[in-house]
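Working notes, beginning with the structure itself.
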Amino acid sequence: MVLLQAMVLILVGLSGAAVVTIREPLRQGIAMSYYGLLLGLLFFLLQAPDVAMSQIAVGAVALPFMILLALARLKYQREQRERQKETPS
Amino acid sequence: MTPALRLRLFLPAALLLTLLLAWALSGAPRFGTFDGRYGQWLNHHTVPQRHVTDVVTAINFDYRGWDTLGEEFILFISVIGVRLLLRTQRDERETRPRDQAPGRRATSSSASVRVLGLALIGPLVLYGLDVVTHGQLTPGGGFQGGVVLATALWLVYLAGSYETMLHVTPETLVGWTEAAGAGGYALIGLYGWLTGVAYLQNVLPLGQVGSVFSGGTIPLISLAVAGAVTGGFVLLLRAFLAEALQVRSRS
């Protein structure tokens with residue numbers, strides 16, 4: 001059990017570092033989803049299932065989802081601005 | 001500041017921090033040991049005092065129910081704030097939802113996503129309701145179950161379509177669910193106050209340990225929180241999706 005906890009703890013550290021080192025927002029959002037899932041797994045292994053459930057639902061699903069939607073919106077805005085520059089009305 | 005100077009400042013600071021951290025950690029309790037008096041007291045007294053088998057839920061909705069009320073209103077106000085920020089601005093207009101790229105029809109999600117999503121919606125709703133209603137017995141409760149219920153509705157968008165998602169979550173109903181949940185929590189607390197004891201004191205009959213109807217006000221508060229959380233998260237999803245798919249700047 002302690003071995004499993006140690007393994008997941010290391011994975012949480014690695015994925016957390018990955019979230020910080022990845023600079024591209026879309027990949028960062030996906031990496032953060034994995035990080036949230038692993039953190040939830042760690043909470044579960046440390047016998048905190050209540051917190052694990054909240055963590056997985058919020059950290060692995062809700063937050064990355066909102067980031068992805070916000071990125072989609074920003075991408076649209078950027079494309080539209082470039083389009084306006086190309087064809088001045 | 002040159003990089004060399006920065007490095008020269010960083011190295012001694014990092015060394016000092018490492019030494020202090022090692023010193024502090026050497027005095028920490030062994031991994032896995034727990035020495036919290038309050039936690040041990042709760043583990044010992046929650047079942048006889050509140051007839052609730054999930055101590056965490058008893059803490060959230062009873063012993064520290066006042067804190068959770070504050071947290072619930074943080075969520076409530078955050079959702080209102082997001083809706084206010086993402087409202088349709090004067091220089092924007094709402095169009096029919098379509099794919100991001102101009103002049104291209106929306107790509108529908110793949111067959112595997114649709115099949116998996118459709119198969120998961122029903123079980124996920126049941127699982128969410130189960131988590132909400134059994135918070136006093138097993139891990140879970142209103143917050144966790146509420147988020148699960150909200151994700152079930154997100155699956156409707158992924159497996160079905162945006163229109164279907166809008167159709168099954170009428171804005172008025174979702175808004176009222178959120179408001180009733182948040183207000184219900186405060187009202188349950190007020191009931192204790194009206195009967196002559198403290199605000200949020202557990203005044204209802206506690207029932208039998210292990211029964212779904214145990215814990216007095218705890219399952220009721222859990223239900224209220226579920227309403228507030230499900231409603232709040234669905235409202236957030238609707239606001240974000242509308243912003244990404246429907247709102248266009250006037251040009």
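A few comments on the model shown:
- Shielding by partners, peptide A:57-70 (average Cβ within 10 angstrom, other chains): 4
- Residue exposure sequence - B:TYR38, A:TYR35 - by fewest surrounding Cβ within 10 Å: B:TYR38, A:TYR35
- Near B:GLU92, the amide H atoms lying under 5 Å from its own belong to B:ARG250; only residues 5 or more places off or on other chains count, and H is placed 1.01 Å from N.
- Averaged over the residues of peptide B:233-243, the number of Cβ atoms from other protein chains lying within 10 Å of each residue's Cβ is 3.
- Listed residues B:THR217, B:GLY140, B:LEU15: farthest to the positive end of the dipole of the protein assembly as shown (Cβ charges): B:LEU15
- For chain B, a crude dipole built from +1 on the beta carbon of Lys and Arg and -1 on the beta carbon of Asp and Glu, taken about the Cα centre, is about 920 debye to the nearest 20.
- In this simple spin-label approximation, B:ASP91 and A:LEU46 carry label points 7 Å from Cα along the Cα→Cβ vector, and these lie 4.7 nm apart.
- Rounded to the nearest 20 debye, dipole of the stretch A:2-86 from Cβ charges on Lys, Arg, Asp, Glu: 400
- Calculated over chain B: convex hull of Cα atoms, volume per residue (Å³): 255
- Number of partner chain Cβ atoms within 10 Å, mean per residue of B:146-152: 3
- In the frame of its principal axes, the stretch B:1-53 has Cα extents of 65, 23, 13 Å, reported largest first.
- Here the Karplus curve 6.51 cos²θ - 1.76 cosθ + 1.60, taken at θ = phi - 60°, turns the phi angles of the stretch B:172-182 into couplings of 4, 4, 5, x, 5, 4, 5, 5, 5, x, 5 Hz, with x standing for Gly and Pro.
- Here the convex hull built on the C-alpha positions of the stretch B:18-149 has a volume of 273 cubic angstrom per residue.
- Evaluated at q = 0.08, 0.15, 0.16 Å⁻¹: base-10 log I(q)/I(0), Debye formula over Cα of the protein assembly as shown: -0.52, -1.31, -1.40
- Derived scalar couplings between HN and Hα for the stretch B:199-214 equal 4, 6, 5, 6, 9, 7, x, 7, x, 8, 4, x, 8, 4, 8, 10 Hz in order, rounded to whole Hz, by the Karplus curve 6.51 cos²θ - 1.76 cosθ + 1.60 (θ = phi - 60°), x for Gly and Pro.
- Unit charges at the beta carbon, dipole of the protein assembly as shown: most positive-side option, A:TYR34, B:GLY27, B:ILE77: A:TYR34
- Over the stretch A:2-86, equivalent-ellipsoid semi-axes from the Cα gyration tensor in Å: 34, 14, 5
- Note: the stretch A:1-44, Cα convex hull, 44 Å³ per residue.
- The peptide list B:27-37, B:117-127, put in order of mean Cβ contacts within 10 Å with the highest first, becomes B:117-127, B:27-37.
- Around B:GLN144: net Lys/Arg minus Asp/Glu count, Cβ-Cβ under 12 Å: -3
- Between the beta carbons of B:LEU9 and A:MET7, assuming R0 = 35 Å, the FRET efficiency works out to 0.45 to the nearest 0.05.
Coordinate-derived values only; no laboratory data. These numbers were taken from a predicted model, which means no experiment stands behind them. Heads up, the Cβs are rebuilt from the backbone with ideal geometry, glycines too, and the neighbour counts pull from every protein chain shown.
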